[in-house]
1. Sort out which residues of the range A:145-175 are among the acidic types (Asp, Glu) and part of a helix (DSSP H, G or I), and write them in order of number.
2. Find the residue count for the range B:89-122, including only residues that are of a type in the set (A, V, I, L, M), closer than 11 Å to B:Ile7 by Cα and part of a helix (DSSP H, G or I).
3. Just to be sure, is A:Ala179 more than 8 Å from chain B (Cβ to nearest Cβ), crowded, with 19+ Cβ neighbours inside 10 Å and over 26 Å from A:Gly114 (Cα atoms)?
4. Being in contact (Cβ under 8 Å) with a residue 12 or more places away in the chain and outside any loop (DSSP other than H, G, I, E, B) is the filter; apply it to the range B:220-237 and report the residue that is farthest from the chain's Cα centre (by Cα).
5. Looking for whichever is over 20 Å from the mean Cα position of the chain (by Cα), away from chain B (no Cβ under 12 Å) and part of a strand (DSSP E or B) here; the options are A:Val206, A:Val217. Which one fits?
6. Is it the case that the range A:27-35 has a residue that's closer than 27 Å to B:Ala9 by Cβ, outside any loop (DSSP other than H, G, I, E, B) and over 19 Å from the mean Cα position of the chain (by Cα)?
7. Go through (1) free of Cβ contacts under 8 Å to residues at least 12 places away in the same chain; (2) within 8 Å of chain A (Cβ to nearest Cβ) and name the single condition B:Ile135 misses.
8. What about B:Val139, is it of a type outside the set (Asp, Glu), touching a Cys at 6+ places or on another chain (Cβ under 7 Å), buried (at least 24 other Cβ atoms within 10 Å of the Cβ) and modelled with pLDDT of 95 or more?
There are 2 protein chains.
Amino acid sequence: MTTGRIICAGLGPGDPDLISVRSDRAIRAAKHVAYFRKPGRQGQARRIVDGMLLPDAVELPMEYPVTTELPFDSAEYNDLLSAFYDDWAARLEGMARAGQDVVVLCEGDPFFYGSFMHLYVRLKNVVPVDVIPGIPGMVGCWNASGQPITWGDDVLTVLMGTLPEEDLVHHMQASDALAIMKTGRNLPRVRRALEAAGRLGDAWLVERGTMPNQRLVRLQDVDAADCPYFAIVLVHGHGRRPVAGGEE
Amino acid sequence: MTTGRIICAGLGPGDPDLISVRSDRAIRAAKHVAYFRKPGRQGQARRIVDGMLLPDAVELPMEYPVTTELPFDSAEYNDLLSAFYDDWAARLEGMARAGQDVVVLCEGDPFFYGSFMHLYVRLKNVVPVDVIPGIPGMVGCWNASGQPITWGDDVLTVLMGTLPEEDLVHHMQASDALAIMKTGRNLPRVRRALEAAGRLGDAWLVERGTMPNQRLVRLQDVDAADCPYFAIVLVHGHGRRPVAGGEE
């Protein structure tokens, strides 16, 4: 019997038409499909592939054991998550050893802040693992903004809204273009940091980029109590002038 | 007569299987296909779609007027390029007004350091323009490296090798993960900056990521005289610990 493969299919930013040809093919042919979700939710990854799965595909929802009940930086939270990834890695390994291919759905690009990497490090030297890249969520968001994010020699910095405020300010001052993820309840901190860095006036909030109900709004016009979940904050670069001695 | 559309199709990192479903469909149906290239070359964008175009598709190679004959930061170079973009914007506008749709091919993602944006700013308020995002080249490169580029709260900074050395060093010290583009003849400067920032030992050179002849090598093992063209330098993040008070 041939060992099966674990195939992580990057899904891109949300519009199923923006899935790559290779991921699309893998998803439509999959007999076993796994995806992360919060307990009790359909989950964003599963929602993106609605209507694409084989009628008899076996679905394996991998439900996070905790979300916000425990502090994100506690030892207890980390232990619970590690056990969760250990358990699913063992189950996927077992399926591959039994000759089954399993497609694991992953929003955006799997190697860019994706949950799949926790399975990847556990499985990559154990069973065959293929990773199909995807369009990162931030790329879908800057596309939705209708403006190029970077020109010429612009520096782009990708920041998490979870960072300390002073770190955010420092990076926001040093970079031309910015993409800030994990906003949600961190949005007030992100906003204060942008203001301190003198960039708030240029910041856009993109919610559900490339999805049917996408929203694009200037961050300074967003109500302070409004903390959308699938949202990225963008500051566009304006084309840093090439320097003497530089070349394309 | 209905006005035609200018459709910029992001091509992704190089493997035609990594083009999005929407771009793939637009390219295969296109009656007019435009793409940038250096004079006398087939061009990377056109090479990616080899075998995908309709047999009677009309091809419009947009050949850059200059490449390395003039200094990149000279007024003469900028004037020549501006006239080139003005000219092609006028030709594409004329085709759209004559009712023709034109698909413009663009490597990677069109809004991420792409040449298309120079046509986009000239055309977007003049004729209908659609931009289809793509997987950026750097995403293909970190996929080819077989390692996640970012984890947890890592900061990712995207830098151009054309930047002054001291700017490079500063950003390389401040960021967890790095993607450095426009390497080529700037590679010696990039290397010196990585060394000064203490990051050279962790740097990888990815040449032609996702393409059949891709090459992955530690930058410190690359011969100093070796300046590959389609190459990106990567430094992977290792998962910055979430901070107290942060949340996912």
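1. Within the range A:145-175, A:Glu165, A:Glu166, A:Asp167 qualify.
2. Final tally of qualifying residues: 2.
3. No, not satisfied.
4. Once the filter is applied, the top-ranked residue is B:Gln220.
5. A:Val217
6. yes
7. The failed condition is (1).
8. Details: of a type outside the set (Asp, Glu): yes; touching a Cys at 6+ places or on another chain (Cβ under 7 Å): no; buried (at least 24 other Cβ atoms within 10 Å of the Cβ): yes; modelled with pLDDT of 95 or more: yes.
In short, no.
The values are calculated or read from the model by the stated rules, or taken from the named source; none is laboratory data. On a predicted model such as this, the values are computed, not experimentally measured, just so you know. Using ideal geometry, Cβ is built from the backbone for each residue, glycine included, and neighbour counts are taken over all protein chains shown.
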